[in-house]
Amino acid sequence: MGFQEEINKRRTFGIISHPDAGKTTLTEKLLLFGGAIQEAGAVKSHKIKKAATSDFMEIERQRGISVSTSVLAFNYKEKKINILDTPGHKDFAEDTFRTLTAVDSVIVVIDVAKGVEEQTEKLVEVCRMREIPIIVFINKLDREGKDAFDLLDELEQKLKFKVCPLSFPIGMGYDFQGIYNIWEKNLMLFNADNKQKISKTIYINGLNDPKLIDHIGETASDNLKEEIEIIEEVYPNFNKDQYLSCKQQPVFFGSALNNFGVKELLDCFISIAPSPTKKESTLRIISPNESKFTGFIFKIHANMDPKHRDRLAFIKIVSGKFKRNMTYHHVRLNKKFKFSSPNAFFAEKKEIVNESYPGDIVGVHDSGNFKIGDAFSEGEDVFFKGIPNFSPEHFRYINNLDPMKSKQLAKGIVQLMDEGVAQLFILELNGRKVIGTVGALQFEVIQYRLEHEYGAKCSYENLNIHKACWVENQEGTKAEFNEFKKLKSKFLAKDKDGKLVFLSDSSFSLEMTKEKFPSINFHYKSEF
Ligand code: G4P
């Protein structure tokens, strides 16, 4: 197979949802279709069991299993599908944001009863920033839920989507009879006695086919015709270019648990979802079919064994072929690296690969050199855009509890930050270290890992910070900038890359500061 064909057959995507909407169940059903797993429950058993343990142990467990579910690759109808796993826990939202830098498209799962939830809104916002094409799957149709049209309205209002339904439910919950597939103009019926099974897919020749009444009855048939008429009048026809440019979002209905509507979703997905796309770098826009290899690290996974501090760095290949035992240029460190055992991932197992293509993810051994966002190339000094840090939500001073172990503590903090567990800020005034996290849980994780992996003990001290803002000073305002730095010296820090950050203690003080220093820009993310 030629290089271009290898690129064209790849579909690298992520499934995102608010916890419990059915992301894990859907992932599992997709893997079953691809023959990547043999039985239901294989992925699910990895999921954190909610009631069994404390939150913290759940996180540790999730970390332990997440190497095997980080990338779930399988072949389906001559396409190579790479699903990148996104953590469901909200305290790990930033991990998900970063994974979204490595996907070419996204499927959003919505619970039919709950509609658009908070976490969905946040994740979709990130997809919008990154211009990632989105398909929606409305799940749990076997249960009573919101009216299908109300849900479509909700998607438009809350997520600012321009929806285009490609399937539509016939009834819902108790009355759920099946799905009309607008995309392929056929009908799929639920078995009346047993909702766990699809009785059969019935091909009907449009909505006026007399077979329709035979199968779903006159009332349901009339309702469906009316609803499809409304859809045709109100919603735009599917347009692939609009979908690819994020101006339209196709919507499917189904039930992941009952394996209903999933195959339709997958079949449509492989035909419309984008193959690996171009990526913006600091030098130029890089196309996947360029002959030279480029790629970037979007995830670093620490080994669970505290005795071996080896880590696995996940590289998304942007262009060219990645080859085993080739020497590649690490741009930030300006150093050459050769990978003798790069891993490719298949559901539940990893294998050493000799060659990988754009869209693929390879896992490479890292002995503590790499950071999230690092780029590799065949010599060019490229940096990829779009891997920013966001302002954390929680901030605490971190203190060393054992003066004999200060080196270990410093090293542990740096490595955990490189992994993206949290963010470190160093105060300009006194050099004190402040840890910023998305969820309060990460403080426990950091403390535990510092002790168990680095032998260092730490304590925390509360710090009242509202938001971290990256400061951008425009040209010609040096006096104003100096004045700002003098006045706010207590609140200024440097992030891991040495960028200046203003740690404001309240939204009021942030607003006042913005007013007082109008030519200084304050950003909630590190890339602007
Ligand atoms: P998540 O990864 O998005 O957090 O969701 P997950 O797939 O774990 O699904 C959350 C719950 O919703 C699970 O039930 C799952 O079985 C259920 N579910 C998923 N899809 C459907 C569906 O189409 N219909 C119905 N009725 N339920 C669905 P649970 O009781 O929390 O877990 P479990 O005991 O079933 O594993």
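Between residue 228 and residue 280, the distance separating the two model label sites (each 7 Å from Cα on the Cα→Cβ line) works out to 4.2 nm. Ligands, DNA and RNA left out, the 1.4 Å accessible surface of region 279-377 is 45% carbon and sulfur atoms. Among 116-129, 217-230, the peptide with the highest mean count of other Cβ atoms within 10 Å heads the list, and the full ranking is 116-129, 217-230.
Taking all Cα pairs closer than 8 Å and separated by 6 or more residues, the relative contact order of region 279-377 comes to 33 percent. Is the shape of region 282-435 best called rounded, prolate or oblate, per the rule: a/c under 1.5 gives rounded, else a/b larger than b/c gives prolate, else oblate, with a ≥ b ≥ c the square roots of the Cα gyration tensor eigenvalues? Prolate shape, in that a/c is at least 1.5 and a/b is the bigger ratio.
Simple rule: put +1 on each Lys or Arg Cβ and -1 on each Asp or Glu Cβ in the chain, find the dipole, and look at 430, 473, 76; the Cα lying farthest toward the positive end is 430. Sorting the segments 145-156, 161-172 by their residues' average number of neighbouring beta-carbon atoms within 10 angstrom, most packed first, yields 161-172, 145-156.
Taking the mean number of other Cβ atoms within 10 Å as a proxy for protection, how do you rank 338-345, 79-86, 102-109 from highest to lowest?
Working: 338-345: 17.6, 79-86: 23.1, 102-109: 24.8.
Highest-to-lowest ranking by the protection proxy: 102-109, 79-86, 338-345.
Annotation: per residue accessible area for the chain equals 44 Å², rounded to a whole number [probe 1.4 Å, protein chains only].
If you take all other residues with their beta carbon under 11 Å from the beta carbon of residue 426, and give Lys and Arg +1 and Asp and Glu -1, the sum is +2. 3J(HN,Hα) along region 330-341: 8, 5, 5, 8, 6, 9, 9, 10, 10, 10, 8, 9 Hz, from the Karplus curve 6.51 cos²θ - 1.76 cosθ + 1.60 with θ = phi - 60°, whole Hz, x for Gly and Pro. Which one of 269, 35, 291 has its Cα pushed farthest toward the positive end of the charge dipole of the chain, where Lys and Arg give +1 and Asp and Glu give -1 at the Cβ? In the chain, that residue is 291. Distance from the alpha carbon centroid of region 132-171 to that of region 232-246 works out to 14 angstrom. In percent, how large is the relative contact order of region 394-523, given Cα pairs closer than 8 Å and 6 or more residues apart? Across region 394-523, relative contact order equals 30 percent.
Carbon-plus-sulfur accessible fraction, region 394-523 (probe radius 1.4 Å, protein heavy atoms only): 50%. Using the Cβ-Cβ distance between residue 516 and residue 333 with R0 set to 51 Å, the FRET efficiency works out to roughly 0.80.
The values are calculated or read from the model by the stated rules, or taken from the named source; none is laboratory data. All values reported here derive from a predicted model rather than from experimental measurement. Please note: Cβ atoms are built from the backbone with ideal geometry, for glycine as well, and neighbour counts cover all protein chains shown. Ligands, DNA and RNA are stripped out before the accessible areas are found, and what is left, the full protein with its side chains, is counted by its heavy atoms. Shrake-Rupley method; radii C 1.70, N 1.55, O 1.52, S 1.80 Å.
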